[in-house]
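Written out below as structure tokens is the structure these notes cover.
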Amino acid sequence: MSRKQKLVVLTGAGVSAESGLDTFRDSGGLWGKYDPQVVASIDGWHRNKRLMIDFYNDLRVGLKDKKPNKAHLLIAQLEEKYNVTVITQNVDNLHERAGSTRIIHLHGELTKVRPEVGEYDRTFSEKEVIDIGYGTIDLGDLAPNGSQLRPHIVWFGESVPQIERAIEEVEQADIMLIVGTSLQVYPAAGLYRYADPHIPIYIIDPKDVAICDGRINHIKAVASEGMETFIREIEKN
Ligand code: OAD
């Protein structure tokens with residue numbers, strides 16, 4: 001039996017838009033309503049922990065009623081024919097709920113928390129991460145090591161611990177697909193540059209894309225329609 005081709009899918013907020021989750025930088029997006037320096041930076045955390053805890057509690061509770069959309073489901077179904085790794089910037093769990101089995105969360109996960117001061121002081125080890133589902137945390141809730149619990153989210157001003165794993169995946173890809181990201185936030189935005197120069201790269205986004213690279217095939221559509229087009233395209237080859 002021939003080996004399955006390796007498909008690496010990088011997703012952003014746009015893949016979850018049809019599930020009713022706000023993107024960040026579109027009009028009406030989250031960063032139009034909230035200042036990311038206040039609700040999504042490590043400095044913001046040190047200035048006002050209660051505000052940040054409440055902000056992520058609300059997002060976490062709201063996630064419970066959202067459902068994966070057709071794009072998440074089609075990405076999961078691609079595992080039947082391809083060796084798929086999803087690298088997502090999203091902190092929702094819609095790829096998991098759609099059935100994808102190999103997922104790297106670059107920016108953390110909403111349903112998880114961890115100690116503010118982890119085993120390695122300024123950072124944490126994976127075994128300190130606690131799954132709280134759609135529950136909430138409060139100021140004063142402590143991790144087993146006695147430190148305040150915080151959302152398991154990568155904030156501005158923090159490192160991205162999963163980036164090395166993500167780079168290794170992209171380096172080995174036979175096909176790369178990018179869905180619903182403005183490619184404004186690094187290091188995620190630079191990941192495609194690690195792909196072998198001979199592989200095809202597809203981007204699904206209803207808007208014009210910020211990168212200009214001859215090998216990129218832009219499928220100008222929302223995620224669900226774009227996924228159908230993408231699947232037709234790769235099945236031709
Ligand atoms: P953005 O809000 O920056 O970009 C969303 C992209 O999705 C845009 O290019 C839209 O055109 C596109 N889009 C909108 N609706 C879509 C749809 N229905 N189908 C497909 N695409 C659609 O979100 P991200 O690029 O994901 O980080 O943002 C990256 C990071 O910035 C986030 O992970 C978050 C944020 O700050 C953290 O919070 C750490």
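Overview of values
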{"quantity": "Candidate set: segment 219-232, residues that are more than 11 Å from the ligand (Cβ to nearest atom) and open to solvent by 50 Å² or more (accessible area, probe 1.4 Å); chosen: the one farthest from residue 29 (Cα to Cα)", "calculated": "232"}
{"quantity": "Condition met for residue 90 (within 30 Å of residue 174 (Cβ to Cβ), crowded, with 16+ Cβ neighbours inside 10 Å and either touching an Asp or Glu at 6+ places or on another chain (Cβ under 6 Å) or among the polar types (S, T, N, Q) (or both))", "calculated": "yes"}
{"quantity": "Some residue of segment 132-145 being within 16 Å of the ligand (Cβ to nearest atom), acidic (Asp, Glu) and within 20 Å of residue 40 (Cα to Cα)", "calculated": "no"}
{"quantity": "Residue list for segment 1-29, restricted to those being assigned to a loop (DSSP other than H, G, I, E, B) and either of a type in the set (Lys, Arg) or over 19 Å from the mean Cα position of the chain (by Cα) (or both)", "calculated": "1, 2, 3, 4, 5, 25, 27, 28"}
{"quantity": "Members of segment 192-218 that are of a type in the set (A, V, I, L, M) and within 23 Å of residue 172 (Cα to Cα)", "calculated": "195, 199, 201, 203, 204, 211, 216"}
{"quantity": "Any hit, segment 30-40, residues being away from the ligand (no atom under 15 Å from the Cβ) and out of contact with any Leu (no Cβ under 9 Å at 6 or more places or on another chain)", "calculated": "no"}
{"quantity": "Exclusive hit being on the phi > 0 side of the Ramachandran plot and either open to solvent by 10 Å² or more (accessible area, probe 1.4 Å) or at pLDDT below 95 (or both), set 118, 133, 108", "calculated": "133"}
{"quantity": "Helices (runs of 4 or more DSSP H) within segment 46-156 that include 3 or more residues touching a residue at least 40 places away in the same chain (Cβ under 8 Å)", "calculated": "49-63, 70-77"}
{"quantity": "Extreme residue, farthest from the ligand (Cβ to nearest atom), among residues of segment 184-194 that are free of Cβ contacts under 8 Å to residues at least 40 places away in the same chain and open to solvent by less than 40 Å² (accessible area, probe 1.4 Å)", "calculated": "190"}
{"quantity": "Residue among 159, 100 that alone is among the small types (Gly, Ala, Ser), open to solvent by 70 Å² or more (accessible area, probe 1.4 Å) and within 29 Å of residue 57 (Cα to Cα)", "calculated": "159"}
{"quantity": "Where a residue in segment 196-215 is over 19 Å from residue 227 (Cβ atoms) and its partner, wherever it lies, is within 9 Å of the ligand (Cβ to nearest atom), with Cβ under 7 Å and at least six apart", "calculated": "210/182; 210/183; 211/183"}
{"quantity": "The one condition in (1) open to solvent by 60 Å² or more (accessible area, probe 1.4 Å); (2) modelled with pLDDT under 95; (3) assigned to a loop (DSSP other than H, G, I, E, B) that residue 206 fails to fulfil", "calculated": "(2)"}
{"quantity": "Flag if residue 167 is open to solvent by less than 70 Å² (accessible area, probe 1.4 Å) and farther than 21 Å from residue 49 by Cβ", "calculated": "yes"}
{"quantity": "Any hit, segment 54-63, residues being touching a helix residue (DSSP H, G or I) at 6+ places or on another chain (Cβ under 8 Å), surrounded by 14 or more Cβ atoms within 10 Å (Cβ to Cβ), on the phi < 0 side of the Ramachandran plot and not assigned by TED's automatic domain parsing to the domain that holds residue 179", "calculated": "yes"}
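The values are calculated or read from the model by the stated rules, or taken from the named source; none is laboratory data. Remember, it's a predicted structure, so these values are computed and weren't measured experimentally. Every residue, glycine as well, gets a Cβ built from its backbone with ideal geometry; the counts of neighbours run over all protein chains shown. Keep in mind that these areas ignore ligands, DNA and RNA; they rest on the heavy atoms of the full protein, side chains included. Shrake-Rupley method; radii C 1.70, N 1.55, O 1.52, S 1.80 Å.
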